[in-house]
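To start, the structure itself, in structure tokens.
The values are calculated or read from the model by the stated rules, or taken from the named source; none is laboratory data. Because the structure is a prediction, the values reported are computed rather than measured. Glycine also receives a Cβ, built like all others from the backbone with ideal geometry; neighbour counts cover every protein chain displayed.
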Amino acid sequence: MEFLHISDLHYRIQYPAAETGYLLIFKDMLPPLEQLKKGLAKVCLDKLSFILISGDLTEYGDEQDYRELKRQLDQAFGRIPYVVTLGNHDNLNAFCSVWAPGDDVRYGSVSHFGKVMVIVWAPGDDVRYGSVSHFGKVMVIALNNSSEHHPDGMITKEHCLWLETCLNEKAKAGDQAKAAEQVILMMHHPLITDPGKSMPAVQYPPCFTRLIKRYPIAAILSGHTHDRLSGTFNGVLFATAGSMSFKGYEMADRTVCFREYASMNLCRIEDQYISIREIPVTADGKILGTIRMPQSVR
Ligand SMILES: [Fe+2]
């Protein structure tokens, strides 16, 4: 079974005009959906069972942006089902108005879209979102670890309760098909750091580590880094996908040079093994701008 992992589109129908600062990088950037088309042309779509998109779907887009993005993704992917999660550049309310229309996200809901079941669960003031999808022998849990108040993401005890509910569902007695599924956990903010970069990992409570150790999870996939990063998290395979937009290069003078950049991961599951191969799309894109950054904007 093969699937594609892409991330960080930062899509807008039209980016806000700017002559200075971070928004300047979008002025001449190749549109993310053009990058996506270039990438999809490099893989055999007939072999793909599903596609994962690990957040930053838009660049602080509004409802119209999400509607157009979904229309374009539906068209680009055709019969291939896809699962999305949110990143720190996403707009939860605008997203929900398009991806989960009619739901009151404050109180939680469950929706079914073809093969995808979306669960919106919000026990507190913050809206939390996750989804569970089943594709043959694979269960995908998309955990929304983005947070309006934490730009580097946040996994709370409530996230862990929700995650444990999902993992327990798989282990329910009598459902052998579910019990045999491989679990892929997708989230936007990464669990490990790149030693050469200043980007921090997402914060999580001790109960999250206990969950990862207690339940069999085949791989944890994330975005946010706009670069390839791989390793293990408590013995579980961990990998990020590059972006469909840009990449930031940290310079010695504490500035960040942004370049056009696109890359995605082709993942293959064979028995108990998962292999991940990078598909470069735009490896040496043009320079978009150099900016002094007070904090991460990835
Ligand atoms: Fe991003």
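Go through segment 223-240 and count every residue that is surrounded by fewer than 18 Cβ atoms within 10 Å (Cβ to Cβ) and of a type in the set (Ser, Thr, Tyr).
Residues flagged as surrounded by fewer than 18 Cβ atoms within 10 Å (Cβ to Cβ) and of a type in the set (Ser, Thr, Tyr) within segment 223-240 amount to 2.
Look through Leu52, Leu45 and report the one residue that is crowded, with 17+ Cβ neighbours inside 10 Å and either within 16 Å of the ligand (Cβ to nearest atom) or more than 17 Å from the chain's Cα centre (by Cα) (or both).
Matching residue, one of Leu52, Leu45: Leu52.
Would you mind stating whether Ser243 is part of a loop (DSSP other than H, G, I, E, B), within 16 Å of the ligand (Cβ to nearest atom) and modelled with pLDDT under 95?
Considered against the rule, which asks whether it is part of a loop (DSSP other than H, G, I, E, B), within 16 Å of the ligand (Cβ to nearest atom) and modelled with pLDDT under 95, Ser243 comes out as no.
Mind checking whether some residue in segment 255-267 is more than 16 Å from the ligand (Cβ to nearest atom) and farther than 30 Å from Thr20 by Cβ?
The answer is yes; a qualifying residue exists.
Residues in segment 1-30 that are of a type in the set (S, T, N, Q) and more than 16 Å from the ligand (Cβ to nearest atom): how many?
Count: 2.
When you check Arg259 against the structure, is it closer than 29 Å to Leu167 by Cβ, outside any loop (DSSP other than H, G, I, E, B) and among the charged types (D, E, K, R), yes or no?
Values: closer than 29 Å to Leu167 by Cβ: no; outside any loop (DSSP other than H, G, I, E, B): yes; among the charged types (D, E, K, R): yes.
No: the conditions fail for Arg259.
Looking at (1) under 18 Å from the mean Cα position of the chain (by Cα); (2) surrounded by 14 or more Cβ atoms within 10 Å (Cβ to Cβ); (3) away from the ligand (no atom under 16 Å from the Cβ); (4) part of a strand (DSSP E or B), which is the one condition that is false for Arg277?
(2)
Scan segment 82-93 and give yes if some residue there is modelled with pLDDT under 95, more than 16 Å from the ligand (Cβ to nearest atom) and within 15 Å of the chain's Cα centre (by Cα), otherwise no.
Yes - at least one qualifying residue is present in segment 82-93.
Considering only segment 95-106, I want to know if a residue exists there that is out of contact with any helix residue (DSSP H, G or I) (no Cβ under 7 Å at 6 or more places or on another chain) and modelled with pLDDT of 95 or more.
Among the residues of segment 95-106, not one is out of contact with any helix residue (DSSP H, G or I) (no Cβ under 7 Å at 6 or more places or on another chain) and modelled with pLDDT of 95 or more, which makes the answer no.
Identify the single condition in (1) surrounded by fewer than 21 Cβ atoms within 10 Å (Cβ to Cβ); (2) small (Gly, Ala, Ser); (3) touching a helix residue (DSSP H, G or I) at 6+ places or on another chain (Cβ under 8 Å) that Gly61 does not satisfy, given that it satisfies every other one.
All conditions pass for Gly61, except number (1).
Counting just the residues of segment 192-224 that are within 16 Å of the ligand (Cβ to nearest atom) and either among the basic types (Lys, Arg) or within 20 Å of Ile274 (Cβ to Cβ) (or both), which one comes out modelled with the lowest pLDDT?
Looking at residues that are within 16 Å of the ligand (Cβ to nearest atom) and either among the basic types (Lys, Arg) or within 20 Å of Ile274 (Cβ to Cβ) (or both), I get Lys197.
Can you find a residue in segment 210-219 that is over 18 Å from Thr58 (Cβ atoms) and in a strand (DSSP E or B)?
Filtering segment 210-219 down to residues over 18 Å from Thr58 (Cβ atoms) leaves 210-219.
From the residues that got through so far, the ones that are in a strand (DSSP E or B) too are 219.
So far as segment 210-219 goes, yes, one or more of its residues are over 18 Å from Thr58 (Cβ atoms) and in a strand (DSSP E or B).
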